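The values are calculated or read from the model by the stated rules, or taken from the named source; none is laboratory data. Computed from a prediction, not measured in an experiment: that's the story for all the values here. Positions of Cβ are generated from backbone atoms using ideal geometry, with glycine treated the same way; all protein chains shown enter the neighbour counts. We work out accessible area using only protein heavy atoms, side chains counted, and drop any ligands, DNA or RNA first. Shrake-Rupley method; radii C 1.70, N 1.55, O 1.52, S 1.80 Å.
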Amino acid sequence: MCVTTRIEVTAVDDPRADQIVHLVRLLGVVGLVACRVSRVYYLQGDLSTEDIDRLSREVLVDPVVDKMIVGSPTPTSHPVVEVAPRPGVTDVEARELERAAAALGLPPVRASTARCYELIGDLDDEAVSAISRQLLANEIVELHSLGTVQPCFDSPASGEAQVNTVKLAGLADADLVRLSREGLLSLDLEEMRAIQDHFEREGRDPTDAELETLAQTWSEHCMHKTFRARIRLEHTKSDGSVAVSSHEGLLAALRRVTEEIAPPWLRSAFDDNAGIVAFDSEFDLAFKVETHNHPSALEPFGGANTGIGGVVRDVMGVSARPIACTNVLCFGPPDPADRELPPGVLHPRRVRDGVVAGIGDYGNKLGLPTVNGAVVYDEGYVANPLVYCGALGLLPSGSHPTEPRAGDRIIAIGGRTGRDGIHGATFSSAGMDEATAEQAGTAVQIGDPITQKGCIEVVEQARDLRLYHAITDCGAGGFSSAVGEMGEHLGAEVDLAGAPLKYAGLEPWEIWLSEAQERMVLAVPSSRVEALRALCEHHGVEMTDLGRFTGTGRLVVGHGDTPVVDLPMEFLHRGVPQKEMVGRWADPVPEPVEMPEVDPARVLLDLLSHPTVASKEAIVRTYDHEVRGGTIGRPFVGVRGDGPGDGAVLKPLGTWRHDAAVALSVGINPRIGRLDPWSMALHAIDEAVRNLVAVGADPARVALLDNFCWGDPTKPDRLGSLVRALEGCLEGARRYRMPFISGKDSLFNEFAGKAIPGTLLISALGLVPDLHRAVSSAFTRAGSDLWLVGDPSDRLGGSLVDDLLGICDRRVPPTLGKPLERYVAVHRLIADGSVTAAHDVSDGGVAVAIAEMAIGGRLGVEATVPMAGSGGVLTALTNEAAGRLLLESPPARRDHLAARLGPLGRRIGVVTGSSSIEIAVGGRAEPQPVNGEPVSIDLDAAVRAFTGRGAGS
Amino acid sequence: MTPPPILILHAPGTNRDAEAAVAVELAGGDPRIVSMTDFRAGAASISDFAGLVLPGGFSYGDALGAGVRLALELRTWLFEELANAVRSGRPVLGICNGFQALLKSGLLGETSGPEGRRGVTLTDNANGRFECRWVTLRVEPVFGSGWLASLSGMKIRCPVAHGEGRVAVSDAQVIGILESERRIAFRYLSEDGRDGRDRLAGGLYPANPNGSVGDIAGLCDATGAVVGLMPHPEDHVVDWQRPGGPPGARGLPLFKAFVDAAR
């Protein structure tokens, strides 16, 4: 037994210490005066004092800022809490320390790390416990202890080949259901029966691995059973009439509409891990958006961290070099005071901080700019946050091979396999409750971006050297899904005994099903295996030969000589019974609303400081949005870099010889969805398109992605809403002539039977023909004209002002019948240089949008916005009608804009050199009589409301 | 004129290598991205190159602190070769993670604090967060023979993107030593130069984005051959990369001076 040495290193002015004091105060725990944060390293090995001294000096201690203690911690009268990763949880720091010791030529060392917090102040046991649980440690992935923790050292070993048989034959229905529930299989009775029948025909019972393989492959998460189901929708309209329709597969319907539009630049839609469109004559773009909601609810950092990791691997899975990330986050309101939360639910602020840190950590370390997204705050997300993660990739046209051949080796590259992530797919295919955290512990993981970075380099070079016939990522279901999907038409033979493991004791089914991160699977012809191995060694990436694709049509998995799985591919992929489901939706019946008596100027400032509108700098500046040197349209714009950007514009490295650029944007509005999910879809598409057009993208070159996050689809109201939203997507694709190229659904976003508001995210990918003509939302020059494109609406349903003031209008603004005309006109004006700034009108309405342009440019404005039907001043200022854009343009171009826009747009004002934002409300014609005094707010006040800080800074 | 071969050193987790290569190429150099693996295996040699760039990223995940593992690799495998290269006047430029590694490896010169230990370091940003934003730098008057000397007083606008970019010193005297040895190569300027005069950031966020002492954004060694800085001049080499504002203040002249010194 080796000696364990404890080394504690404290930085003298660690900013984390102050942050903890601040966050403890926000928790409502009083008495903490200061905090000392230390890094703790436990070393096991035959190390001399000189060895330890050398290791400390070389890698553990910075002589300028660190103090070190070797051995027992210094006694203190204050409570000390130590937090360490649980056994099996990724600990990159420990691994790098072991490698550093080896690099120094020291004797072999096992390392384990912890963080130590000395809580200085007057705290009782309860307070220390609250701080530990609610702030310092997450018990799902971390251990915490008063004093020092018991360090754990993983030991290298191979798995134990124990395969168990699960008795299915003769089980009654109730027993089948119980087996599914207790085994976390998330299979329903019909599916369990289909499995029982299959093995009855085979004349045996399944192994644990076979049952698990079927459960993962057939999970909602992997198979999208709801999106393949036959659905009967009963739609009650607001006049009481009922329309009944039937759907033979939602996914197929989306595919059909894409095939209908079939633009020549479309390369791949829905077939691959990501959608692919042409960029220029040489390169294609791949885009994918995923969700990682369930894990992020339990372990926000790890959940979001691996969410980014997973979607980036999706893009690698179509042979693309990842070049950018996006994310859209939906959280409960971050109330400053602690609040009543259901047991088992993390505080929304903790969820937010963890998710944001997790996203930044992964994207930043991969060297990918995080360029676009949104943050939505709503009560509906308190127990179920939504974390949408997107990735964009670039690949030479036609360079992605997709046909594995019989005889190809099955090669895994990247991270090692552990128990982490087991049951991730099935866990995401059920609702959550208080007990979920305990059951799902292993489903949540921490990422290791540097291992994935190595895989990115390997995959790109392997692609260029044509070393593989097919590639896919190890996502939900791990090897089981990756090999099962890639070998669907061939069959495969796998030996798990050679799979490199993180630690001992994994059973074969666990190796097979583990969703450990940072792994890719490739089909490699035997003749290229050594070339791939050399490439992997060059980049320090581990590579394993798992077996071969066969041509037998069977999936045969063993662990050495022990059989583990033997399933026909046909049954695995097509044996799941098609579901028959029922959805119901009733449109709300409009009721007369009463507008509150409010000061419009006050409302405008309140909207600007509303968390959904206000600047997201505190979040977004922790993401690197500049790496790769191609970010043109940024998250923040204007003279001080604090105005809101509408969409991202990117110039990919390697494509600098021409002027075309890529644009990305999103549209999301769950508030509309509560009232009318069909309209939500059209509004979300419109918002995404407005955002793209506003930065200079061509509306004729836009591809869309859908991401549906809903509750339990077996409940007809949830499903009804989902189907209505999908019908909206179909209609939107046709009206906008924009194909869906990829999509994903995340269902069962429920906690203790309460569902999230059905939330559709639309992500859009477009092209900016000339990057020099890309514009931002910030005013550029006093004296410019301000134009408004599009008409207002007197319906406030789903608007932010409705939510803010509790107006309860149930009528949502109408959707656009012919949207493209205006977007084509605006695009032409931007492309010919007539527009110096453009901004989309969305959350908060036109007054907020005008104020945002003024904030970005630090310029004043005088404008007169049109009345909205029967609504008053407040409605005119804050309605969120579809299809509206604000344009800044030089007066010299006035006639040109008037001619191009015709009745689609009107000149509403002028950018001024003053320091005030003045918005009047007038009639529909221009120039128009002013309706009362203009609403006037000080530019500085607007900046303060929007940014939360002084205007001078 | 033959473009001089410039090494862009790649370690696992390096990620701004491609941009650095673009900058070097636009500046007239011949960038070659070569991995640490090749140096360890003896397949590449520092003497093959006329200049060396250590680009940004998270080498080895920065799991033991920014640049610490890479610094160890440099000391273990390349120290003598690098020291020779520096002695022969070949320019070395470390950006962000490359700066962190250079400083922590001792290649930027041992600035003695108490007991002869390194007296200057790069550590956590004062706000405790990763921070990405555009800043304005000024090239400070450095040692006369250094390749930066001709750029003295020039301004560069470019982004920072780092979590551990705060220059900290073991005691106040170290600043005096750095100043007297003319080793402060870059400082953060206030954005607020209304009267036309440069003004230092004065430690104030966000112009000084990380709380660096003396608004220091970059350092050089006593010879001026080895230069390191936290911000990313390689991300502003053409005009369209700039988020508005007046033209100029690009990072390209820095790379031109670097490549010229490598000739």
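Tabulated values for the structure
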{"quantity": "D_trans [Stokes-Einstein, Kirkwood Rh over alpha-carbon pairs] for the stretch A:259-332, 20 °C, 1.002 mPa s, µm² s⁻¹", "calculated": "156 µm²/s"}
{"quantity": "Whole-percent carbon and sulfur share, accessible surface of the stretch A:731-877, 1.4 Å", "calculated": "45 percent"}
{"quantity": "Radius ratio Rg over Rh of the stretch A:288-437, counting only Cα atoms, Kirkwood formula for Rh", "calculated": "1.04"}
{"quantity": "GluC sites (Glu not before Pro) restricted to the stretch A:240-343 and DSSP loop, no more than 10 other C-beta within 10 Å", "calculated": "A:Glu340"}
{"quantity": "Most positive-pole-ward Cα, B:Val142, A:Gly641, B:Pro231, against dipole of the protein assembly as shown from beta carbon charges", "calculated": "B:Val142"}
{"quantity": "Alpha carbon convex hull of the stretch B:129-226, projected area averaged over orientations, nm²", "calculated": "6.4 nm²"}
{"quantity": "Reference-scaled alpha-carbon Rg (2.2 N^0.38 Å with N residues) for the stretch A:539-599", "calculated": "2.68"}
{"quantity": "Accessible area of the stretch B:1-94 divided out per residue, in Å², using a probe of 1.4 angstrom", "calculated": "32 Å²"}
{"quantity": "Helical contribution to [θ] at 222 nm, DSSP H n ≥ 4, -39,500 (n - 2.57), averaged over chain B, rounded to 500", "calculated": "-6000 deg cm²/dmol"}
{"quantity": "Residues with amide H under 5 Å from that of B:Ala217, placed H, sequence gap 5 or more", "calculated": "B:Phe186, B:Arg187, B:Tyr188"}
{"quantity": "Computed lengthening from A:Glu434 to A:Val177, 0.36 nm per intervening residue step minus Cα-Cα distance", "calculated": "90.4 nm"}
{"quantity": "The stretch A:202-276: Rg to Rh, with Rh as the Kirkwood radius over Cα pairs", "calculated": "1.17"}
{"quantity": "Calculated FRET value between A:Glu591 and A:Thr236, using beta carbons and R₀ = 22 Å, to 0.05", "calculated": "0.85"}
{"quantity": "Pairwise FRET efficiency - B:Asp48 versus A:Glu282, Cβ, R0 = 30 Å, nearest 0.05", "calculated": "0.45"}
{"quantity": "Amide H contacts of A:Ala920 (H built 1.01 Å from N, under 5 Å, at least 5 apart or other chain)", "calculated": "A:Ala863, A:Thr864, A:Val865, A:Val935"}
{"quantity": "Cleavage-rule hits (GluC sites (Glu not before Pro)) in the stretch A:593-626: DSSP loop, at most 14 neighbouring Cβ within 10 angstrom", "calculated": "A:Glu594, A:Glu597"}
{"quantity": "Built amide H within the under 5 Å cut-off of B:Glu131, gap 5+", "calculated": "B:His162, B:Gly163"}
{"quantity": "Chain A shape via C-alpha gyration tensor axes, a/c threshold 1.5", "calculated": "prolate"}
{"quantity": "Lys/Arg +1, Asp/Glu -1 at C-beta; chain A dipole; positive extreme among A:Ile685, A:Tyr623, A:Val21", "calculated": "A:Ile685"}
{"quantity": "Shape call, the stretch A:480-574: gyration tensor on alpha carbons, a/c limit 1.5", "calculated": "oblate"}
{"quantity": "Full-extension gain in nm, A:Arg54 to A:Arg193, via 0.36 nm per residue minus C-alpha separation", "calculated": "43.7 nm"}
{"quantity": "Computed log₁₀ I(q)/I(0) - Debye formula, equal Cα scatterers, no solvent, the stretch B:52-196, q 0.10, 0.11, 0.18 Å⁻¹", "calculated": "-0.37, -0.45, -1.27"}
{"quantity": "Residues in the stretch A:58-75 occluded by at least 30 Å² - accessible area, probe radius 1.4 Å, against chain by itself", "calculated": "A:Glu58, A:Val59, A:Asp62, A:Pro63, A:Val64, A:Val65"}
{"quantity": "Members of A:Lys453/B:Lys256; A:Lys225/A:Lys754; A:Lys67/B:Lys104; A:Lys365/A:Lys616 lying beyond 24 Å, as alpha-carbon distances in this model show", "calculated": "A:Lys453/B:Lys256"}
{"quantity": "³J(HN,Hα), Karplus 6.51/-1.76/1.60, whole Hz, each residue of the stretch A:885-902, x for Gly, Pro", "calculated": "9, 9, 10, 9, 8, x, x, 4, 9, 4, 5, 4, 5, 4, 5, 6, 8, x"}
{"quantity": "Per-residue ³J(HN,Hα) for the stretch A:625-639, Karplus 6.51 cos²θ - 1.76 cosθ + 1.60, θ = phi - 60°, Hz, x for Gly and Pro", "calculated": "9, 10, 4, 6, x, x, 7, 9, x, 9, x, 10, 9, x, 5"}
{"quantity": "Sites A:Gln150 and B:Thr76 - FRET efficiency at Förster radius 25 Å, r taken between beta-carbons, to 0.05", "calculated": "0.15"}
{"quantity": "Per residue solvent-accessible surface (Å²) - chain A, probe of 1.4 Å", "calculated": "34 Å²"}
{"quantity": "Mean ellipticity per residue at 222 nm, deg cm²/dmol - from DSSP H runs of n ≥ 4 across chain A, formula -39500 (n - 2.57)", "calculated": "-9500 deg cm²/dmol"}
{"quantity": "DSSP beta bridge pairing in the protein assembly as shown, given as percent antiparallel to the nearest 5", "calculated": "75 percent"}
{"quantity": "Cβ-placed point charges (K, R +1; D, E -1), dipole of chain B about Cα centre in debye, nearest 20", "calculated": "280 debye"}
{"quantity": "Per-residue HN-Hα couplings for the stretch A:540-550 [Karplus 6.51, -1.76, 1.60; θ = phi - 60°; Hz; x = Gly/Pro]", "calculated": "x, 10, 6, 9, 9, 8, 9, x, 8, 7, 10"}
{"quantity": "Tail weight of P(r) past 25 Å, computed on alpha-carbon pairs of chain B, percent", "calculated": "37 percent"}
{"quantity": "For the stretch A:650-775, alpha-carbon Rg over 2.2 N^0.38 Å", "calculated": "1.19"}
{"quantity": "Base-10 log of normalised Debye intensity for the stretch A:737-859 (one unit scatterer per alpha-carbon) at q = 0.12, 0.16, 0.23 Å⁻¹", "calculated": "-0.68, -1.10, -1.40"}
{"quantity": "Accessible area buried, both sides summed, chains A and B with 1.4 Å probe, Å²", "calculated": "4100 Å²"}
